[in-house]
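The values are calculated or read from the model by the stated rules, or taken from the named source; none is laboratory data. Bear in mind that the values here come from a model prediction, so they are computed numbers and not experimental data. Cβ placement follows ideal geometry from the backbone for every residue including glycine, while neighbour counts extend to all protein chains displayed.
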Amino acid sequence: MSVKYSVVMRKNPAKSSEPGKYYAHAQAYGEMDFDSLCEEVNGRCTVTRADVAAAVEAILESMKKARLWPRLNCSPGPTSVSFQDLV
């Protein structure tokens, strides 16, 4: 499976006088609803769909609590999640 990516320059904030370095940045595309995500994970391992749903919901709640939520392109409910910023 190929991965689309772009090349981005990033500077080290601790060493702002040094030139930036170039890094590959994966480009995410598409969306998957919550139920489809749970089914996909369930089909790849022995974890039940309910366990997957509980784990994903706990992760999203933890991210909201840690104030990481605004950095993600996610709706606040468990019905649809876009993981574009996680890639």
*Read through the list (1) over 30 Å from A58 (Cβ atoms); (2) outside any helix (DSSP H, G or I), then give the number of the only condition that H25 fails.*
(1)
_I'd like the full set of residues that are modelled with pLDDT of 85 or more, assigned to a loop (DSSP other than H, G, I, E, B) and hydroxyl-bearing (S, T, Y), limited to segment 28-61._
T46, T48
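Each row is one residue, and each column tells you yes or no for (1) at pLDDT 85 or above; (2) surrounded by 11 or more Cβ atoms within 10 Å (Cβ to Cβ).
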{"site": "K4", "(1), (2)": "yes, no"}
{"site": "G20", "(1), (2)": "yes, yes"}
{"site": "M63", "(1), (2)": "no, yes"}
{"site": "L68", "(1), (2)": "no, yes"}
{"site": "S82", "(1), (2)": "no, yes"}
